[in-house]
Amino acid sequence: MSVQGAHRALPRRQLFHRDPDDLYTLPNLRRVSLHENQFTGNLGSDLGNLSQIMQLDLSYNKFTGSIPDSFGEMKRLDLRNNSLSGEIAIDSSLLPKLNTFDVGTNNLSGAIAPGISVCTKLRTLNLTRNKLVGEILESFKELRSLSYLSLTRNSFTT
């Protein structure tokens, strides 16, 4: 199936216990909005197969597991209000175009990857309400485009 410049939006549909694996067969998909459904299960590394995707909103679902480490051409990634866990180990060198990274209100732990400084176009960074620890990174000052930063309800030090 070829879908060029495609946008798929199914917000608030209450698609209980549906697995979005069918999306992985649409490699030309550009924007996906599936927020406020009842999706469960791991996001899985197959999300990286959506190499053309620019905007992905899977917020307010019940996804578990870790955040996949690559997202191709991603500009906006919204995974807030799920049950994601593990460290934020995204290979930021693969995300030079990222301008929104929202993973607030999950169960993420560990320190923020120092490579986040590579995301120089990052304007919005929401890490609130997780279990993140460590020092607030010196590399944040490299994020000159950053206009919104939320680190509340974590265990950071300065």
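Structure notes:
- Quotient of the Cα radius of gyration of the range 59-158 and 2.2 N^0.38 Å, N being its number of residues: 0.97.
- Contour minus Cα-Cα distance for Ser70 and Asp46 (0.36 nm per residue): 7.7 nm
- Environment charge at Leu108 (Cβ cut-off 10 Å; Lys +1, Arg +1, Asp -1, Glu -1): +1
FYI, it's all coordinate maths here, none of it is from the lab. Just so you know, these numbers come straight off a predicted model, no measurement behind them. Positions of Cβ are generated from backbone atoms using ideal geometry, with glycine treated the same way; all protein chains shown enter the neighbour counts.
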